[in-house]
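*Asks:* The structure follows.
The values are calculated or read from the model by the stated rules, or taken from the named source; none is laboratory data. What you see is a predicted model; the values in this text were computed from it and never measured. Every residue, glycine among them, receives a Cβ derived from its backbone with ideal geometry; neighbour counts consider all protein chains shown. Please note that ligands, DNA and RNA were not included when accessible areas were found on the heavy atoms of the full protein model with its side chains. Shrake-Rupley method; radii C 1.70, N 1.55, O 1.52, S 1.80 Å.
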Amino acid sequence: MATVETPDQLFVHKLGAALTMEETILEMLENLREEASDSTLRRNLEQHHTETQQQIQNLRRIFQALGEEPENQPCPAIEGLEKEGKQMIKQVEGYGLVDSVILGGVIETEHHEIAVYDGLIIKAEQMDDDDIVALLQENLEQEEATLDKAVKAAEKSAQQLVQQYA
């Protein structure tokens, strides 16, 4: 692994980690769609899958604007969230509980993605590149909307589960 010695190199490194993050999430979404029982949840996961593909394209456009080759970097936080989610899905019984685990994982993942994009935007603003900031902002806004939708769905799911098991 090469040493990071400048702010520009750090930005490119973090951009590579974001690319890895989104590509990993793309695969996770495909698996989660198959596990989900609620049709609305499956549709929302499908929509997020499409948005994630666009986010990957935005990250690739940023690499191109910087004159850099897209290079994946490790993203251990997402790997950990993926591992935790898979473990929990295996441990629960009942579709409502599986959907609840999926929604919890989506919320945790979205919070991480938002933090990643906030950090990248701060660095891009200092680089004074409005086009890069705009692409990152587009990704951030999609993540925030997904988080909001997931929180509302999780609240509804939790309410239904409490009534079901009361």
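*Asks:* Looking for whichever is closer than 15 Å to LEU29 by Cβ, aliphatic (A, V, I, L, M) and under 13 Å from the mean Cα position of the chain (by Cα) here; the options are VAL101, VAL106, VAL116. Which one fits?
*Replies:* Just a single option satisfies the conditions, and that option is VAL106.
*Asks:* Name the single residue that is farthest from PRO76 (Cα to Cα) among those in region 13-31 being of a type in the set (Val, Ile, Thr) and within 9 Å of the chain's Cα centre (by Cα).
*Replies:* Here the residue is ILE25.
*Asks:* Mind checking which pairs have a first residue in region 148-166 that is touching a residue at least 24 places away in the same chain (Cβ under 8 Å) and closer than 11 Å to GLY96 by Cα and a second that is in a loop (DSSP other than H, G, I, E, B) and open to solvent by 50 Å² or more (accessible area, probe 1.4 Å), Cβ under 6 Å, 6 or more apart or different chains?
*Replies:* Matching pairs, first to second residue: none at all.
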